[in-house]
Amino acid sequence: MLHIRDLTAGYGAAPVLQGVNLHVDRGETVALLGPNGAGKSTLMAALTGTIRNRSGEVSFENHNLVFEASHAIVSRGVALVPEGRLVFPPFSVEDNLRLGAVRLKGRLQERYDFVYGLFPRLAERRRQAAGTLSGGEQQMLAIGRALMSNPRLLLLDEPFLGLAPKVVAEIRAALEKLRQTGLTLLMVEQKLDIALGFASRAYVLIKGRVALEEGTASLARRPDLRDLYFSLATAHNA
């Protein structure tokens, strides 16, 4: 579904991403790992067109997204749940969701019903201002907003960051339901246990380059996993 070849991207003269290559098959869940500053969020921004300084190929269902604007990428079926949630605090839950459906033609109530079925707490708080929700509820809202566009590829940037274990379990269960519908997921995650327990494959990104790609089952069995993870970072920082 998604094939990235030699992607270079950044915000100024010096690129953050340098020749990144990765792929995500239809219906697959892939984790993108790496320390802070590795370029994970930059990769998400490059995939969604929110940074324009990029080259290479981002092939999504045989369309190169590198030269397309963000609104066109959303229309093709790609949606992002950004790091930090970025909900609109004064707007109600339902208004925040509606913003995710600005390019959806019809079937608005159908998408509301889908999101509320996935996150019943949002249905209970549909008239409540987003800024008054708990952190976990705001994360549910950010995921729900992305789902309002009816995407085929969902990008998740640190979806479990700063959440209590109970909320992590609740959101993970919702993502599992999405995966069972056939939705393709690419997830940025720093916590190895969550990533390896949820995704089928993982890429480790270090200083803007892919340092490792491996199936999560085999990665999880490696006794030297954490040493390997940090040695890759050290080697690329040398």
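Tabulated results
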quantity	calculated
Leading residue by the ranking (surrounded by the most Cβ atoms within 10 Å (Cβ to Cβ)) among those in segment 8-27 that are over 13 Å from L186 (Cβ atoms) and among the aliphatic types (A, V, I, L, M)	L17
Residue match in segment 152-163 (condition: in contact with a strand residue (DSSP E or B) (Cβ under 7 Å, 6 or more places away or on another chain), surrounded by fewer than 16 Cβ atoms within 10 Å (Cβ to Cβ) and not polar (S, T, N, Q))	no
Hey, G34 crowded, with 17+ Cβ neighbours inside 10 Å, at pLDDT below 90 and in contact with a helix residue (DSSP H, G or I) (Cβ under 6 Å, 6 or more places away or on another chain) or not	yes
Which listed residue, of E94, E170, E110, E137, is of a type in the set (D, E), at negative phi and either part of a loop (DSSP other than H, G, I, E, B) or out of contact with any helix residue (DSSP H, G or I) (no Cβ under 8 Å at 6 or more places or on another chain) (or both)	E110
Residue count, segment 140-167 (criterion: among the basic types (K, R), assigned to a loop (DSSP other than H, G, I, E, B) and over 25 Å from G39 (Cβ atoms))	0
Tally of residues being assigned to a strand (DSSP E or B) and not aromatic (F, W, Y) across segment 173-220	17
Filtered residue count, segment 66-81, keeping only those that are at pLDDT 90 or above and assigned to a loop (DSSP other than H, G, I, E, B)	1
Per-region count, segment 39-60, residues more than 18 Å from the chain's Cα centre (by Cα), in contact (Cβ under 8 Å) with a residue 24 or more places away in the chain and part of a loop (DSSP other than H, G, I, E, B)	1
Matching entry among R111, R107, R103, R98 (being crowded, with 20+ Cβ neighbours inside 10 Å, in contact (Cβ under 8 Å) with a residue 24 or more places away in the chain and out of contact with any Asp or Glu (no Cβ under 9 Å at 6 or more places or on another chain))	R111
Verdict on E57 being acidic (D, E) and touching an Asp or Glu at 6+ places or on another chain (Cβ under 8 Å)	yes
In segment 9-31, residue farthest from the chain's Cα centre (by Cα) [restricted to those that are closer than 24 Å to D193 by Cβ and in a strand (DSSP E or B)]	L22
Of all residues making up segment 44-72, the number that are of a type in the set (G, A, S) and within 19 Å of P82 (Cα to Cα)	6
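A quick yes/no check of all residues on (1) in contact with a Leu (Cβ under 6 Å, 6 or more places away or on another chain); (2) surrounded by 21 or more Cβ atoms within 10 Å (Cβ to Cβ):
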site: G136; (1), (2): yes, no
site: Q139; (1), (2): no, yes
site: I143; (1), (2): no, yes
site: Q180; (1), (2): no, no
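The values are calculated or read from the model by the stated rules, or taken from the named source; none is laboratory data. Remember, it's a predicted structure, so these values are computed and weren't measured experimentally. Because the Cβ atoms are built from the backbone with ideal geometry, glycine has one as well, and the counts that use them run over all protein chains shown.
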